[in-house]
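Enquirer: My questions will all concern the structure given below.
All of the numbers you see were taken from the coordinates with simple rules; none came from a lab. Since the model is a prediction, treat every value here as computed from it, not as a measurement. Here the Cβ positions follow ideal geometry from the backbone for every residue, glycine too, while neighbour counts run over all protein chains shown.
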Amino acid sequence: MNRREETRPVFVGNVQIGGQQDVVIQSMTSTDTKNIDATVSQIEKLAEVGCQIVRLAVMDEEAARAIKEIKKRSPLPLVADIHFDYKLALIALESGIDKIRINPGNIGSIDKVKKVVEACRERNVPIRIGVNSGSIEKDILKKYGHPTAEGLVESAIKHVEILEQFDFYDIVVSLKASSVPMMVKAYHLMASKRNYPLHVGVTEAGTYFSGSIKSAVGIGSVLSSGVGDTIRVSLTGDPVEEIKVAKEILKSLEIRINEPQIISCPTCGRTQIDLVELANKVEHMLQKIDQPLKVAVMGCAVNGPGEAKEADVGVAGGNGEGLIFRNGKIVRKIKEENLYEELLKEIEDIIGKKLVG
Ligand code: SF4
């Protein structure tokens, strides 16, 4: 996965996208941007679970001006999502926005594009070109007959070339489609044409269940080939859930290795404790830890410690009881009702601090 090193780094506030192995997680608020308190509160919740950059919909001047106050209170760098109206981009920039998502080909006259580009350049603010399979230009659609990966890339390159005309290269590109094969192909094609960092996502992925799977397959396929610098999981629901899913994708690909991981068995006829409840409690507890740690929650002592021998610590169920093991070795036997607390103690011992709650 070395491809990311070759992309041109851009900075969104103090967060680097591109030119590095790490993949940045972002999301978008679902509040009305004009409602400053609600928007800041959602940004704080997103930051708590590991979001690194947040995008806001900027629909009108009042929303563009609200950015000033949101920016003062936000723990995360902000991106303004703007369609068509260059004036909103200029106001957002004056308000201190850290990145703009706008497609230069949709702004209108070249003079308007120039104003936005110059204002971004002055403030070191990058622009994301966001191409979407649902809004490919008519001429490109006509050429290919329907949305295709090639059409998405052609559209993106058209917008990129407008910025390049102005010697503006602080660019991030996204090529989203709700079709996973289409977006995977588009990102690979784009990576072969330009070295701008890529924002990867599956658009309109769906609800928590289907959208998480679709995003994991799509984003995971792109990232596993070394392409992609920042990701957004789009789910119909609370954006906080998007961050949890995004983190799991990065952990699964071992791009994020400084995070705790749970290993839990699927249960089978040998399971004699309430393993599902225990695994869910442990998973919840691990969200409070910000260091690498593998915790195994296994149904039986016959296979449990062996199957999870790479875990730092774990439990293996028995008949109304369980074994605590560390590094694959059994350390003690505990009654089922005390398993969670005892495991918690072991984890606190390893990480060297108390986990409240
Ligand atoms: Fe079954 Fe034990 Fe494997 Fe869990 S660890 S699936 S209980 S054999």
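Enquirer: Residues of the stretch 326-357 being more than 33 Å from the chain's Cα centre (by Cα), within 16 Å of the ligand (Cβ to nearest atom) and not in a helix (DSSP H, G or I), which ones?
Expert: Answer for the stretch 326-357, where residues must be more than 33 Å from the chain's Cα centre (by Cα), within 16 Å of the ligand (Cβ to nearest atom) and not in a helix (DSSP H, G or I): just I330.
Enquirer: Those residues that are away from the ligand (no atom under 12 Å from the Cβ) and surrounded by 17 or more Cβ atoms within 10 Å (Cβ to Cβ), I need them from the stretch 258-277; list them, please.
Expert: Initial filter on the stretch 258-277 (away from the ligand (no atom under 12 Å from the Cβ)): 258-262, 274, 277.
Those that are away from the ligand (no atom under 12 Å from the Cβ) and surrounded by 17 or more Cβ atoms within 10 Å (Cβ to Cβ): E259, P260, Q261, I262.
Enquirer: Report, ordered by the first and then the second residue, all pairs with beta carbons closer than 6 Å, sequence separation of six or more or different chains, a first member in the stretch 37-64 that is free of Cβ contacts under 8 Å to residues at least 24 places away in the same chain, and a second member that is in a loop (DSSP other than H, G, I, E, B).
Expert: Pairs that qualify, where the first residue is free of Cβ contacts under 8 Å to residues at least 24 places away in the same chain and the partner is in a loop (DSSP other than H, G, I, E, B), are A38/T31.
Enquirer: Sort out which residues of the stretch 288-300 are surrounded by 15 or more Cβ atoms within 10 Å (Cβ to Cβ) and not in a strand (DSSP E or B), and write them in order of number.
Expert: I289, G299, C300
Enquirer: Does any residue in the stretch 288-305 that is among the charged types (D, E, K, R) come within less than 9 Å, Cβ to Cβ, of a residue that is assigned to a loop (DSSP other than H, G, I, E, B) and near the ligand (Cβ under 9 Å from one of its atoms) six or more places away or on a different chain, and which pairs are these?
Expert: K294/A308
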